Each structure stands twice: as structure tokens, then as C-alpha cells.
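Since the structure comes first, as C-alpha cells, the remarks are kept for the end.
Here, each number is a calculation from the coordinates, and none is a lab measurement. Quick caveat, the model's predicted, so the values are computed rather than measured. Here the Cβ positions follow ideal geometry from the backbone for every residue, glycine too, while neighbour counts run over all protein chains shown.
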Amino acid sequence: MLIDKNISTPLYIQLYENIKDMIDKDQLKAGEKLPSIRSLAKKLEVNNITIVNGYKLLEQEGYTYSIKGSGTYVKPHNYGLDTPYMEDGDIELMIGGILPMSKDNINFASVSPTPEIFPVEEFKQSLVEVLDRDKGNAFIYPEINGYKPFRESISIFMHENYNMNIDKDEIQIISGGQQGIDIITKTLISQGDCVLVENPTYSGAIAAFKSRGAKIIGVPMLKDGLDLEVLNNRIKRYNPKLLYIMTNYQNPTTYSYSEHTKNKLIELSKQHNFYIIEDDFLTDLNYSKDKKTPLKSIDNSDQVIYIKSFSKIFMPGVRIGFMTVPQKLFKDIIRVKHTTDISSSGFLQRAFDLYLRKGYWKKHIENIKKVYTNKYNIMVKELKKLYKYGVTFEEPYGGLSIWLKLPKDIDSIDLYNECGENNVSIVPGKIFFINDTIYSNYIRLSFGAVSEEEIIHGIRVIENYFKKTYKEDNNKYLPFI
Ligand SMILES: Cc1ncc(COP(=O)(O)O)c(C=O)c1O
């Protein structure tokens, strides 16, 4: 590598150009580690800061990624700036249900529930009753913010179940949680505005923020919520417009926020004047005796925009959810919702309203909780068999997934490939991490779409992989710190 101190091009740009060239020509391969800052600085007889700036530029331009405490590595070619690993790749499309997966596959990849537990009979009764009751009116254009009686029943339901006081006029009906994220983004974010997100996070939200040119900054996710110290620093540094979080059974880590962290978030959002998007897709699936409440329940100053998706706890294809709208944003949100799809299906809102009023909802949640508690217990029992290979995980006591930490030397993509060959689908954790901090030794296993037998068989396939590699070198697996 040549650095010419006699030309006007800054040294760090020369370094950047040199390394970029080597990556483009495949002289440096994907996954290859770049020399340490100090050793390269010494070799090229330049300051450390020259190397730091050159490496930073390479990362910004999407050529490399860094792993804290480990170093800088060359990215695979399809690895873009600020994007989760393998964006637009098969895995993401598969999780989103866009790419068909073999029917024979044991599907630990999808967080969706299985159709067998959909409450089809009760919902059918509601649909028929709406048709008989409302006739043609069931198919007129509904209000943009949503069918008023439905907003009323949601308001009552949220008060009774989550001690959340939201008026019907604060509610905006949406066609699923993803649309809620998109509408808020379109309303609040312009090119270059900062959005803080949990790292790792739900890649569908990242896609929405990116579509508006947001500057997306990750904050590490700890077992009791966001790392408050890092959050504080990032707020001061980036002056964010939005913070996007999942308070209970976060996707993908499955961690839930402590009361302390929740209170701090509200405090910080008031102090620094940013909104918090709370994406609540799973709070209802609590398998422990401890009560879990959303952040919105303690929001007394309209800082939290609460999104409720019913996809994972009802039926994803119904495409109905709701969000709360701060008074100040009401008109803008209505405008964006109208531009997006005019309104969500009035017929389905009426049927869902009846479903709630008849008390079917509570029965349904109790029912699915029983089914999922069983699956959850089997998952945990089977996964504990992997402890001996250095695999660890937190028990979330709720939700639909387990976030597994693999031994340091295992790359989740290798395990993903091995599982794929044995008709088992898993999600490599890499796709959930953003920009600077990417860990390759995590996988997410979801149990919403698998039977109890499939759980046992699928985890055996995973165990076989560990057995095979473990035997090759007994000392290979070190705990990952
Ligand atoms: C965290 C999270 N939010 C939102 C969504 C989108 O949900 P919906 O089907 O309600 O649009 C998903 C889907 O997987 C999700 O995991």
C-alpha cells in the first residue's frame, strides 16, 4: 500500500482509496480483517488518526464494518451503508412471507402465529352480523381516523386491560403496525433527521426510516432496555426527532424494559423534545405472573406515539391496528394516512369492533396464551440442552421468540445454512443489527408457527450441528463476553 506525503490529497483519503481499490479487485476478501490501527500507522509512518479517519470513511461508504473490541472487517458485496446484513436478501423476504418457504420446513423464522389457532369461527360470526346489521353501510368510505364505535371500544379495552387512558379521538386506525411506523416517519422525518433505534432492532422499521432519508443511529439494547448512558450521549450528539422502541419482548432480543428505564425514557423525551414510537406487538403474550405494561401507560405528556399491531396476537391478514396521535400532530397524521390508503377497511373495523364488544378478544388471548405457554416451555427445555456447547439465552417468559447467543467462533450464517439443508429455517441475528455494531453469533428462533413435535425435531437438528463441530475441536467454544 502506497501513501504519498508529497501530493495534496489528504493521507486518510489516499488510504481509503487504496483499501477500497483492493476490496473492489477482490485482493481483500469479504470477512477479512484489516490491520489494527496502530500497526498500520506504524507501517505507513503516519498518525493513528489518519488510519482512524480512513477506516471511518470506508465504513461510511459501506466497504467495511467494525466489531467493538475486535477490529474492522471487509463487508460482503451486498452489504450496504446503514443497512441490516443481507438487506433485500432471501432471509428477510422469507421472514416477511414474500419468498415462499418449503412447506416441509420447520419454521423457526416466522414470528407469525399458525392459522390453526386463528379464531375463525368467532370472527366469521362478527363479519356476518355486521353484514346483516349495516348492509351497504359496511362498505362506505370510513372516517380517515377510523370507525368511531371501534375507536371507542379500543379506548375502553386499553383502559380495562392496560390502565391506559386514551380517548377515542386520540386514536388513529391503521392497516397494521408497519403502516403506523411508515405514517409517523412520513409525518415527522425529513432527509437527514436523526432517528434513534434499539440495536439490534426490527428491520421493517429501519426500512421505513431509510425510505425518508433518516440518519439512523443505534443504541445498544441491554437486558432491561436501552443502555441509558449511551442513549444520553447519542441524544446530546444527534438531537433526534424520534426514538423507536419495543417495550416488551423486543424484536429480536426478547428483552423487556424495567420500570426504571421506562421512566427515564419519558423524562429524556420531555427534556430533549423528541417523540418515542412504542411498537407494541406482543405485550399481551405474557407467560409469567409479573404484569407487563406498555410505556404509554405512564406517559402523561403525550411524548409516546403508541402503535398496537394485532398481527401476532390475532390474525396478520386482517391488517388492522391502531396508534395514538399526539394532539399537535393530529392534522398532519390524518393527511398522511389519507395519502397512504385513504382509510383502513371499514368492514373489518366494524367486525373487529363487534368482536371486542362481545368479549371474544379476552377469550382468544387466554386461549393462545395456553397454546404458546406450552410451546414456550418445550422450547426452553430443549434449548437448555445446548448449554453444554456454550449456547446461552435469557428466558423472556413471554412473546414468541428466543434470542440465542452462540459461542464466539460460530457464525450464525453457517448454522443457518446447515439448518436450511435439513429443512429447518432460523434467522441469523446479523440482519437485525445496524451500522457499527454487528454481532454474528446470534440467532432468533420463533415458535409461533411450529408444532411441539417440530420444536423437538428442529432443535435436534441445531444440536447435531453443534455436536459435529464441537467434536472437531473440543476447546473451540469459548464463552462470548
Ligand atoms: C416489531 C414489529 N413491528 C411491526 C411489525 C409489522 O406488523 P403488522 O403486521 O402489524 O404490520 C412486525 C412484523 O413482524 C414486527 O415484528
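As a length-normalised measure over Cα pairs under 8 Å and 6 or more apart, the relative contact order of the chain settles at 20 percent. Within the same chain, aspartates and glutamates fewer than 8 places from K337 are excluded, and of the rest, those with a Cα less than 18 Å from its Cα are E143, D169, E170, D182, D279. For the range 186-236, the set of trypsin sites (Lys or Arg not before Pro) satisfying both a DSSP loop assignment and a count of at most 14 other C-beta atoms within 10 Å is given as K223.
For the range 352-401, what number results from the quotient of the Cα radius of gyration and 2.2 N^0.38 Å? Please report the intermediate quantities before stating the final value.
Working: Rg = 15.9 Å, N = 50, 2.2 N^0.38 = 9.7 Å.
Computed over Cα atoms of the range 352-401, the ratio equals 1.64.
Spatially close Lys pairs in the range 343-394, defined by Cα atoms under 25 Å apart and a spacing of eight or more places or different chains, total 14. Here the contact order of the range 11-74, divided by its residue count and restricted to Cα pairs under 8 Å and six or more residues apart, works out to 42 percent. Sparse packing (at most 10 other Cβ atoms within 10 Å of the Cβ) combined with a DSSP loop state is found for none of the trypsin sites (Lys or Arg not before Pro) in the range 368-403.
Using the Kirkwood radius over Cα pairs, work out the Stokes-Einstein diffusion coefficient for the range 136-360 at 37 °C and 0.692 mPa s, in µm²/s as a whole number.
Values: Rh = 17.7 Å.
Rounded to a whole number, D works out at 185 µm²/s.
Along the chain, the exposed loop sites are GluC sites (Glu not before Pro) outside DSSP states H, G, I, E and B with at most 16 other Cβ atoms within 10 Å, and the longest stretch free of them is 144-393.
Starting from the Kirkwood Rh over alpha-carbon pairs, what translational D in µm² s⁻¹ does the chain have by Stokes-Einstein at 4 °C and 1.567 mPa s? Using the Kirkwood radius from Cα pairs, D works out to 54 µm²/s. The coefficient of translational diffusion for the range 11-74, derived via Stokes-Einstein from the alpha carbon Kirkwood radius under 10 °C and 1.306 mPa s, stands at 137 µm²/s. Any idea how far the Cα center of the range 208-244 sits from the one of the range 287-366, in Å? Using only Cα atoms, the two centres lie 24 Å from each other.
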